[in-house]
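Worksheet: one structure, shown below.
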Ligand code: SF4
């Protein structure tokens, strides 16, 4: 599902809006098609929840999402077209098993390196107190960012960084 933070959703909207017209239309069409597919599968009400589901509910949602076989809208010729700007959760997903296993059809496990801490989750904490969305599934990034423009009063970068590291280290 590629769960990203609100700040990354706004960044992805900026990236897409900055693309040349043809690329932008192609990417936006992919986002639209992905949302329509999830609507058909009956997953949108869960995907639009402002608080990320946890435990078995999250796992079940992830599996049902995966079964739809909807590629990330940024995937281009099997590569990430926004690689230098990809979300943190993508950077943390370090798979070391055979890529064939990712199809889940051969029944073999996907092995990934476990992160000692998850910066992607800490990033969800840096928005101000008026925000209470703690995840945005990537296919909803553009829609969410358009509906939720930044309204917070600007804060010093040091405060934002301190909040991020407090959450990351639990100190
Ligand atoms: S690495 Fe790129 S293509 Fe893959 S899920 Fe993340 S943004 Fe999408």
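Every read-out reported here was derived from the displayed coordinates using simple, explicitly stated rules and does not represent laboratory data. Here the structure is a predicted model, which is why all the values come from computation and not from measurement. Here Cβ is always computed from backbone atoms with ideal geometry, including for glycine, and neighbour counts include all displayed protein chains.
For 114, 103, 28, 121, the sequence from fewest to most other C-beta atoms within 10 Å is 114, 103, 28, 121.
Distance between the pseudo-spin-label points of residue 158 and residue 26 (7 Å out from Cα toward the beta carbon): 4.5 nm. Scaled against 2.2 N^0.38 Å for its residue count N, the alpha carbon radius of gyration of the range 66-120 is 1.25.
Taking 14, 98, 127 in turn, the Gaussian network model of the chain (Cα-Cα springs below 10 Å) assigns the largest fluctuation to 98. Would you give the gap between the C-alpha center of the range 1-57 and the C-alpha center of the range 95-111, rounded to a whole Å? Measuring centre to centre over Cα atoms gives 24 Å.
Considering only alpha-carbon pairs that sit under 8 angstrom and 6 or more positions apart, the relative contact order computed for the range 3-169 is 39 percent.
Between 74, 31, 66, the residue with the greatest mean-square fluctuation in the GNM of the chain (Cα pairs under 10 Å linked by springs) is 66.
As a proxy for reagent exposure, 125, 79 were ordered by neighbouring Cβ count within 10 angstrom, fewest first; the result is 79, 125.
Shape analysis of the range 126-171 yields a ratio of the Cα radius of gyration to the Kirkwood radius, Rg/Rh, of 1.02. Working value for the chain: equivalent-ellipsoid semi-axes of 26, 21, 17 Å, each the square root of 5 times a Cα gyration tensor eigenvalue, largest first.
Between 63, 43, 11, the residue with the greatest mean-square fluctuation in the GNM of the chain (Cα pairs under 10 Å linked by springs) is 63.
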